[in-house]
Amino acid sequence: MSDAKQLVNQLFKNSNINVPANRMPLFDKFLQDKQNQAIINQIIQNQNQLMAKWQTEERIADILQQSVRIANATVGKPYEAKLDFEKYGWQDIVSYQLEGLEPIGLQYNENTGLITGVPTQSGDINFTFKFKLKEQPEDAPANEKQITLIINPDPKTLWKNLESDKNDSHWKEDNVTVFAPIGDRHILVSSKRGRSHANIGSFREDDFAFHDLPNGWSMVVVADGAGSAKLSRKGSALACAAVVNYFQEATAVESMFAFDELVQQHTGKTGEDTQQKLNHLVYNNLGKAAFQAHKQLEAFATSEGITLKDLSSTLIFTLFKKYDAGYLLLSFGVGDCPIAVLNKDITEVTLMNWLDVGEFGGGTRFITMPEIFQSDKFSTRFGFKLLNDFSYLFMMSDGIYDPKFVVEANLPNITKWQEFLADLNGQNADGIKVELRTDNEEIKAQFSQWMDFWSPGNHDDRTLAIVF
């Protein structure tokens, strides 16, 4: 009764009606009238309904203005994000639906609360969240809230692929992939211009070469031209050609026959110090080849009126030959391109060179640097290994090494090479598989496609040679 009296009293005051003290008995009797009580109850009911409706409107406004952020998506990549009602405090929402997801390749599952799919377009995409609160009548129209989903473009599509200038006097193909016999094995090699070069239409700086020699030896050469050197594309090509040419010269062919007798002595354990003689042969033959590459680069620089530094390039090469005792592998390396051999059952890896990185190397070195040949570490740049057999010989530029092995410390780890082989076999983000079989007619196409793998921040030229 007191609430009703207070309510009516307030209503009277709002209408400038004051009930004096001497009229209070009359006022009390007025309030006790059944008809008046019915009116008062109706006023209270209407008042409560009005306040409830206002609270509902306020709640709807809060939800409409509420900031809702869901994880960004990327075009072409599988997407999953939860629309978390508990997190947003939406427990009072009794019905809802999402509109506008299907046209962009997404869908919403009410059972899981997940937005899933593969986005087909980029941008700040708005979709509509239609909902009703439990306080709203069933026939009330749904409330509509716009939610923004940021879909990033596929980063690959942001890179241009501009052809290099074919009229340039030192032009070479942007991408090359070759599969061919070599010795009693096969070689699969690909050299691809990096995205950073393709984006501006510049040239592929990497290069490679391979050849079977008349004395039973086979050789593979890989060079990585320095991106900062204006003619490094020519430097890498000249370096590869110089090494191949050297080992085809009659004197070099003849000198390599000396290995045959020494290998027989070495494996026959005649008691002679064959290891030292073999080391000397490796140093003498491969050292001359490396120095000839340097001298030819020097001569070219002079003829072109450029500096030797303009031709800066790393250089690695490997020679291998099969003997009755197994395979003899010889190697040379300057720069940051690794050479690795995996044993037959892929349980061990043998590194045939050290890299010019970190404290030991002091940074990348190039075959154009005269100090390479004057350093007391020059003799350590040669490798010699006699193996019963091998499964793979890998030679690569840092465009492969950096994204796939990251740091030099991973190179001696056979697990990392097993993972690398698994990657080649299709265990990668794109599911691209290279079947390393000599009868695989699609091997070049598969390998070329694999070489285009995406690795954030790694857009340099890529060269990978596999002998198997």
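The values are calculated or read from the model by the stated rules, or taken from the named source; none is laboratory data. Predicted model, so just to flag it, every value in this text is computed and none were measured. Backbone-built Cβ (ideal geometry, glycine too); neighbour counts: all protein chains shown.
What pairs come up if the first residue lies in segment 1-17 and is closer than 11 Å to Ile40 by Cα, the second is of a type in the set (A, V, I, L, M, F, W, C) and part of a loop (DSSP other than H, G, I, E, B), and their beta carbons are under 7 Å apart, counting only those six or more places apart or on different chains?
Listed pairs, sorted by first residue: none to list.
Out of Asp452, Asp439, Asp430, report the one residue that is farther than 26 Å from Gly225 by Cβ, in contact (Cβ under 8 Å) with a residue 12 or more places away in the chain and surrounded by fewer than 16 Cβ atoms within 10 Å (Cβ to Cβ). Give the derivation first.
Values: Asp452 fails: farther than 26 Å from Gly225 by Cβ; Asp439 fails: in contact (Cβ under 8 Å) with a residue 12 or more places away in the chain.
Selected residue: Asp430, the only one of Asp452, Asp439, Asp430 that is farther than 26 Å from Gly225 by Cβ, in contact (Cβ under 8 Å) with a residue 12 or more places away in the chain and surrounded by fewer than 16 Cβ atoms within 10 Å (Cβ to Cβ).
For the structure I just gave you, tell me whether Ala229 is within 34 Å of the chain's Cα centre (by Cα) and under 15 Å from Thr463 (Cα atoms). If you could, list the steps in order and put the result at the bottom.
On the way: within 34 Å of the chain's Cα centre (by Cα): yes; under 15 Å from Thr463 (Cα atoms): no.
Criteria not met by Ala229.
Give the residue that is nearest to Val75 (Cα to Cα), with candidates limited to residues of segment 93-115 that are surrounded by 15 or more Cβ atoms within 10 Å (Cβ to Cβ) and hydroxyl-bearing (Ser, Thr, Tyr).
Tyr108
Would you mind finding the one in His186, His197 that is buried (at least 20 other Cβ atoms within 10 Å of the Cβ) and either assigned by TED's automatic domain parsing to the domain that holds Cys337 or within 18 Å of Phe447 (Cα to Cα) (or both)? Reasoning before the result, please.
On the way: His186 fails: buried (at least 20 other Cβ atoms within 10 Å of the Cβ).
It is His197.
On the basis of being touching an Asp or Glu at 6+ places or on another chain (Cβ under 8 Å), small (Gly, Ala, Ser), modelled with pLDDT of 95 or more and surrounded by 24 or more Cβ atoms within 10 Å (Cβ to Cβ), does Ala223 make the cut?
Values: touching an Asp or Glu at 6+ places or on another chain (Cβ under 8 Å): yes; small (Gly, Ala, Ser): yes; modelled with pLDDT of 95 or more: yes; surrounded by 24 or more Cβ atoms within 10 Å (Cβ to Cβ): yes.
Spelling it out, Ala223 is indeed touching an Asp or Glu at 6+ places or on another chain (Cβ under 8 Å), small (Gly, Ala, Ser), modelled with pLDDT of 95 or more and surrounded by 24 or more Cβ atoms within 10 Å (Cβ to Cβ).
Output the residue which, of all residues in segment 58-91 that are closer than 23 Å to Glu102 by Cβ and of a type in the set (Gly, Ala, Ser), is nearest to the chain's Cα centre (by Cα).
If we take residues in segment 58-91 being closer than 23 Å to Glu102 by Cβ and of a type in the set (Gly, Ala, Ser), then Gly76 is nearest to the chain's Cα centre (by Cα).
Against the condition buried (at least 24 other Cβ atoms within 10 Å of the Cβ), modelled with pLDDT of 95 or more and assigned to a helix (DSSP H, G or I), how does Gly399 come out, does it pass?
Spelling it out, Gly399 is indeed buried (at least 24 other Cβ atoms within 10 Å of the Cβ), modelled with pLDDT of 95 or more and assigned to a helix (DSSP H, G or I).
Any residue at all in segment 150-163 that's of a type in the set (A, V, I, L, M, F, W, C), closer than 30 Å to Arg59 by Cα, in contact (Cβ under 8 Å) with a residue 24 or more places away in the chain and surrounded by 13 or more Cβ atoms within 10 Å (Cβ to Cβ)?
So in segment 150-163, the residues of a type in the set (A, V, I, L, M, F, W, C) come out as 150-151, 158-159, 162.
Going one step further and asking which of them are closer than 30 Å to Arg59 by Cα, we end up with 150-151.
Retained after the next criterion (residues that are in contact (Cβ under 8 Å) with a residue 24 or more places away in the chain): 150-151.
Within this subset, residues satisfying the condition of being surrounded by 13 or more Cβ atoms within 10 Å (Cβ to Cβ) are 150-151.
Looking through segment 150-163, at least one residue is of a type in the set (A, V, I, L, M, F, W, C), closer than 30 Å to Arg59 by Cα, in contact (Cβ under 8 Å) with a residue 24 or more places away in the chain and surrounded by 13 or more Cβ atoms within 10 Å (Cβ to Cβ).
Taking segment 368-390 on its own, how many of its residues are surrounded by 15 or more Cβ atoms within 10 Å (Cβ to Cβ) and not in a helix (DSSP H, G or I)?
8
Going through segment 311-348 one residue at a time, which ones are more than 12 Å from Val222 (Cβ to Cβ), buried (at least 16 other Cβ atoms within 10 Å of the Cβ) and under 30 Å from the mean Cα position of the chain (by Cα)?
Leu311, Ser312, Ala340, Val341, Leu342, Asn343
Yes/no per residue for (1) in the same structural domain as Ser236 (by TED's automatic domain parsing); (2) charged (D, E, K, R); (3) under 24 Å from Leu330 (Cβ atoms):
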position	(1), (2), (3)
Ile400	yes, no, yes
Lys404	yes, yes, no
Asn410	yes, no, no
Lys416	yes, yes, no
Asn428	yes, no, no
Ile443	yes, no, no
Trp454	yes, no, no
Asp461	yes, yes, no
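Kindly list the number of the only condition in (1) aliphatic (A, V, I, L, M); (2) in contact with a helix residue (DSSP H, G or I) (Cβ under 6 Å, 6 or more places away or on another chain); (3) modelled with pLDDT of 90 or more that fails for Ala250.
The number of the failed condition is (2).
State which residue pairs qualify: first residue assigned by TED's automatic domain parsing to the domain that holds Phe85 and at positive phi and inside segment 102-131, second residue among the acidic types (Asp, Glu) and surrounded by fewer than 17 Cβ atoms within 10 Å (Cβ to Cβ) in any location, beta carbons under 9 Å apart, and separation of 6 or more residues or different chains.
Gly113/Asp84; Gly117/Glu80; Gly117/Glu102
Restricting attention to segment 70-91, which residues are of a type in the set (D, E, K, R) and either within 18 Å of Phe131 (Cβ to Cβ) or touching a residue at least 60 places away in the same chain (Cβ under 8 Å) (or both)?
Residues of segment 70-91 of a type in the set (D, E, K, R): 77, 80, 82, 84, 86-87.
Answer for segment 70-91, where residues must be of a type in the set (D, E, K, R) and either within 18 Å of Phe131 (Cβ to Cβ) or touching a residue at least 60 places away in the same chain (Cβ under 8 Å) (or both): Lys77, Lys82, Asp84, Glu86, Lys87.
Yes or no: segment 152-168 includes at least one residue that is modelled with pLDDT under 95 and of a type in the set (Val, Ile, Thr).
yes
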